[in-house]
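*Asks:* Take a look at this one; I'll ask things after.
The values are calculated or read from the model by the stated rules, or taken from the named source; none is laboratory data. Keep in mind that what you see is a predicted model, and the values were worked out from it rather than measured. Cβ placement follows ideal geometry from the backbone for every residue including glycine, while neighbour counts extend to all protein chains displayed. Accessible surface areas use protein heavy atoms only, side chains included; no ligands, DNA or RNA. Shrake-Rupley method; radii C 1.70, N 1.55, O 1.52, S 1.80 Å.
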Amino acid sequence: MATSALVWISGASGGIGAALAASVPFEDAHTFDLSRSGGAPGTEHVPADLSDPASWAAVAAHFDAVLGGTDAETAVFVHNAGTLDPMGFAGRVDQAAYTRNVLLNSAAPQVLGNAFLTAVRRASSVTRAALVFLSSGAASKPYEGWSSYCGAKAGVDHWVRTVGAEQASTDTPVKVVAVAPGVVGTGMQEFIRAQDEADFPAKEKFVGLYERGELVDPADAAAGIWSVVQRDDIETGAVIDLRTLSPAS
């Protein structure tokens, strides 16, 4: 594939993912949307239900096929896809839905992250690569009703720290980072505000952020995430909160 940069974004059909796809900072980039529905302008849709383990092998094969036949020097994978559904206390929610949540939020990032790193290692032309995961304050703060989501974000953060340490010891490290963008005005926030407070006791906190106009615009979140990818002073293994990130020196 004749391009200078290859970019994969999971869940680019809406929210932060769509904003990321609309603002890819690499000239002449070819952008892939890994999602069920697709539709992100300027992207090539790769159909994938990332809550279904059967799709992971297909995505891994896609990484291999594209990176194995390219002269691109830059490769980036932003794993943005995630879900809060079902919201409610552990032991009281639908088992099948809870399982899909765990597969998408906890397992898919590790499996797809490993697949991307494997494909990059085999790609002789790639000299700069980044693997980015979306983190959250829920990684460190427990929210009743979000057991699977909180556990997933904590796991992703520590996976990034661990794999970042591994990458730092290689000759050509991939920048592996987790980025918490703050509370962003997406469909996920609409879903939160529609919940019963019995299932999510912290609901009013998020309703208040919305009513006071304090939600982060998806375009601003995307700009912050891309800045982390591009900044040379942010090392592999970093877990970043955009709300406290110091400007580039």
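*Asks:* For the stretch 147-161, enumerate the residues that are in contact with a strand residue (DSSP E or B) (Cβ under 9 Å, 6 or more places away or on another chain) and over 12 Å from ASN114 (Cα atoms).
*Replies:* LYS153, VAL156, ASP157, HIS158, ARG161
*Asks:* To continue, here is another question. May I ask you to list the residues in the stretch 1-23 that are of a type in the set (Val, Ile, Thr) and either farther than 27 Å from ALA123 by Cα or at pLDDT 95 or above (or both)?
*Replies:* Within the stretch 1-23, VAL7, ILE9, ILE16 meet the criteria.
*Asks:* Here is a follow-up. Which members of the stretch 27-45 meet the condition of being at pLDDT 95 or above and either open to solvent by 20 Å² or more (accessible area, probe 1.4 Å) or not in a strand (DSSP E or B) (or both)?
*Replies:* Within the stretch 27-45, ALA29, HIS30, THR43, GLU44, HIS45 qualify.
*Asks:* What tally of residues in the stretch 51-62 results from selecting those that are surrounded by 16 or more Cβ atoms within 10 Å (Cβ to Cβ), of a type outside the set (Phe, Trp, Tyr) and closer than 23 Å to ARG121 by Cα?
*Replies:* So the answer is 4.
*Asks:* Kindly indicate the residue of the stretch 197-216 that is free of Cβ contacts under 8 Å to residues at least 40 places away in the same chain and assigned to a loop (DSSP other than H, G, I, E, B) and also nearest to VAL179 (Cα to Cα) among those meeting that condition.
*Replies:* LEU215
*Asks:* Going through ALA165, ALA194 one at a time, which residue ends up being within 22 Å of GLY113 (Cβ to Cβ) and not charged (D, E, K, R)?
*Replies:* Among ALA165, ALA194, only ALA165 is within 22 Å of GLY113 (Cβ to Cβ) and not charged (D, E, K, R).
*Asks:* Which residues, counting only those in the stretch 215-249, are surrounded by 12 or more Cβ atoms within 10 Å (Cβ to Cβ) and either over 27 Å from ALA29 (Cβ atoms) or of a type in the set (Val, Ile, Thr) (or both)?
*Replies:* Selection gives LEU215, VAL216, ILE225, VAL228, VAL229, ILE234, THR236, VAL239, ILE240, ARG243.
*Asks:* Would you mind listing the helices (runs of 4 or more DSSP H) fully within the stretch 85-179 where at least 3 residues are under 28 Å from ARG231 (Cα atoms) and open to solvent by 10 Å² or more (accessible area, probe 1.4 Å)?
*Replies:* Ranges flagged: 108-122, 147-168.
*Asks:* Could you list, in sequence order, all residues of the stretch 35-70 that are among the hydrophobic types (A, V, I, L, M, F, W, C) and touching a residue at least 60 places away in the same chain (Cβ under 8 Å)?
*Replies:* Residues satisfying the conditions are LEU50, VAL66, LEU67.
*Asks:* Return yes or no: is GLY69 surrounded by fewer than 21 Cβ atoms within 10 Å (Cβ to Cβ), at pLDDT 95 or above and over 13 Å from the mean Cα position of the chain (by Cα)?
*Replies:* Here the answer is no, as GLY69 does not meet what is asked.
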